[in-house]
Every structure is written in C-alpha cells, then in structure tokens.
Amino acid sequence: MVPIDGTFDPRFARVRAAFARNFEQHGDVGAACAVVLDGRPVVDLWGGWADGARRRPWRADTLSIVFSATKGVTAAAVLMLAERGALDLDAPVARYWPEFAVAGKGGIPVRWVLSHRAGLAAVEGELTLAEILAWDPVVRAIAAQAPNWQPGAQHGYHMRTYGWILGELIRRVDGRSPGRFIAEEIAAPLGLDFWVGLPEGEEARVADLIPAPPPTPEMQEILERFAGPETLLGRVMSGPSGRFAYDERWNRRELRAAEMPSSNGIGTARALARFYAALLGEVDGVRLLRAETVAAACEERSEGADAVLRLPTRFGTGFMLPPSLSLAARPSAFGHPGAGGSLALADRDAGFSFAYVMNQMGLGIAPDPRAAALLEAVYASLE
C-alpha cells in the first residue's frame, strides 16, 4: 500500500480519492497536492516515496523540482516590479538592458517576452553546462544573437530563455538576482518553501526526479521526426547547446543550486497553492498583486499554432491560459504546468488555487492524466 498522509476538508473527499488513484492507476511514485479556497487551505495531501527505490517516504516538507511551473512565479516577480513603476511592460527590453538591442532586437517589448512572442526560443552559439549555470555567459549569448523568427510575428514557447531574459530584467532594474528577489519578495512574506536557486541546507529534503519510461519504438520515431536535434523544437528542448534532457542530471547539486527562473524552481505543492492564492486575494495579510494587474495578465496575448511546440498554445502576460494550461481547467484559470506533470494555477471565478507536484516524470507528449484528474475533482467538489 502506498502511504498517503495530510488533511482535507470533507467537502473535498473526491480530491483525496483522485490522489490515491494516481498511485494505483497512473504510476505516481511520490507526489503532493494542495488546494486553497478563498484564502483557506482545504486540501494538503502528500504520499508515496521521495526516491525510485521506495525507501525514503514523501513527507510533509518534501521538496520537488517543478520545471516550468516556475514560470508563473517569475511572471509574478516581473509584474510586481511593473506595479512599482520599476519597469514598463510595453517598453523595449533594451531600455533596461542596452546590450540586448543588437541584431534586430531593439524593438522587442517586455510584454512579448512574457507572452512568448520575442522570437528568442533557442539560444545560438556553443556554451558549456558550467557557462549556462553561471548566468552571465548565457544572457550575454542571448543579448548578442539574432531572433529565431521575426519578433511579434508569431508566438512560440520560450522554454528556458523566458527565465533568462526576464531574470536579467529583474537584475537590471532591481539589483537583486531573480532567485533572491523571489526569496525576499514572494517566498519570505508568505512563508513559502520555494526557491529558484536551492540553498545547500535544503538538499536533503528534495525528492529524486525519476525520468519518464522510455518511449515505444513508434513514439521514438515520432519524437525524432518532430523534435530531432536539427528542429527548432529539438534545439529548444535540449538547449542551450544540447546540454539538457529530463533525466537524472536534475538530481545533481549544480542544477538545483543554479538560478534558472524558467525551469528549476523547487518547492512544495503547499507553497505553490499559497502563492497563487496570494494572487487572488490576501493570504494572512499578504497580497502579491492588485486585482487589476492579475486581470490584465490573464488577457489573451498569444493564441493558436505555436512556432516551437507545433501545437496550439495560449498565453496571457506571463501565465499560460486554458486549454493549453490544462484540459481540465475552466476559462477563468491561469497558471503554468511543468514538464513531466506538475501543475500550479488559480481560478479567478471559482476562488481557489491548486498545485500538484511529483517525482515520476510523464512522457510530456500527451496531457498528463494525474494533475487533470485532481483538478477535475476540485471542480466537482465545488459544485
């Protein structure tokens, strides 16, 4: 039997049942799920194992890498600076980062980065892993390169460059690194177990990432055709310089310690649900953004065929929107999924926030059934 612990309001018993089914039917090894309704926690569940050998139980304070679910937190950091007047979302990136203006990028506004319209999804040039993790070399490479397509003409998922460009903007206008800004301005006021750039003292709490099972030969053929090393999708997924894959390398200290504001946020489901709750309203006296800022961020900015993923995607200003956010999410939801299955979001009309984190990666080709089942159970519990 898989050990499951935590608490839930009886009204949300369906969520507890869906959480258990994810272990029984959908291959979860270790996971956590949290829901906050009208500022009050109503689901806080965890269970399974923090390692593939199933020797280390997943505990209340177990941390998990959430990959692109990090993007929602980074978006909030940029929007906070915009609210404070430190930057203008419709001003060129080059106003704050002059080196960025070369090679036809001088007119790219900040908002296009947030909505994946900047045309900079793949980093050009050859970089070592150490250079990428060191920050300055990779942001210099992005500043020097030409766009992958005409900026603004179409949108395409900026899988990792989203975090480096926005993170450098945070650094330029605020003086703090993006990880430090998030720690001091978002995590600390809300008491969140969440980091971009994990302190060494927290390493023992992190669940081991378990890579997805290998694809079937038929699926491998499809992957090579659509995401081979010469395709834009392949370059984005494995880049920069082919240094990344969703495998055990993410369990290494250097990848957890680096600041990658698009990709390597590490935290709990509880922390992410509480974060999104503080975008909807006050949580213990803390509200991160004004209601009108959140509403504007949820206005559609990019929709339709994605130049990178070659699938329909839909974005606001910094947040992914339904249906690409999750097929289970209703129109008033906003947030961001993460590679392999994690998902964090809020629903403005329903008044709840939700997060699911795990260590067993899904293939990431089709929508992950685990987060969708949990989210569907949340909506059913509210009817």
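The values are calculated or read from the model by the stated rules, or taken from the named source; none is laboratory data. Fair warning: this is a prediction, and the values are worked out from it, not measured in the lab. We place every Cβ from the backbone using ideal geometry, glycine too, and count neighbours over all the protein chains shown.
For region 110-122, which positions are touching a Leu at 6+ places or on another chain (Cβ under 9 Å) and either under 17 Å from Phe319 (Cβ atoms) or basic (Lys, Arg) (or both)?
Val110, Arg111, Val113, Leu114
Among the numbered criteria (1) surrounded by fewer than 24 Cβ atoms within 10 Å (Cβ to Cβ); (2) in contact (Cβ under 8 Å) with a residue 40 or more places away in the chain; (3) under 25 Å from Arg84 (Cβ atoms); (4) under 20 Å from the mean Cα position of the chain (by Cα), which single criterion is violated by His158?
Exception for His158: condition (1).
Residue under question is Ala75, and the condition is that it be in a helix (DSSP H, G or I), in contact with a His (Cβ under 6 Å, 6 or more places away or on another chain) and in contact (Cβ under 8 Å) with a residue 40 or more places away in the chain; does it hold?
Answer is no for this residue.
Would you mind stating whether Ala204 is surrounded by fewer than 16 Cβ atoms within 10 Å (Cβ to Cβ), under 19 Å from the mean Cα position of the chain (by Cα), under 30 Å from Ala32 (Cα atoms) and not β-branched (Val, Ile, Thr)?
When the stated conditions are applied, Ala204 does not pass them.
Considering only residues that are buried (at least 18 other Cβ atoms within 10 Å of the Cβ), among the aliphatic types (A, V, I, L, M) and under 22 Å from the mean Cα position of the chain (by Cα), which ones fall in region 120-139?
Leu120, Ala121, Ala122, Val123, Ile132, Leu133, Val138, Val139
Please find, among Leu79, Leu89, the residue that is over 21 Å from Leu198 (Cα atoms) and buried (at least 24 other Cβ atoms within 10 Å of the Cβ).
Matching residue, one of Leu79, Leu89: Leu79.
I want to confirm something. Restricting to region 1-51 and keeping residues that are without any contact (Cβ under 8 Å) to a residue 60 or more places away in the chain and assigned to a helix (DSSP H, G or I), which single residue is surrounded by the fewest Cβ atoms within 10 Å (Cβ to Cβ)?
Pro10
Pick from Glu221, Glu200: which is modelled with pLDDT of 90 or more and of a type outside the set (Lys, Arg)?
None of the other options fit; the residue is Glu200.
Listed here are the residues, each with its yes/no results for (1) within 17 Å of Thr317 (Cα to Cα); (2) touching a helix residue (DSSP H, G or I) at 6+ places or on another chain (Cβ under 7 Å).
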| site | (1), (2) |
| --- | --- |
| Ala82 | yes, no |
| Leu87 | yes, yes |
| Arg95 | no, no |
| Ile108 | yes, yes |
| Ala143 | no, yes |
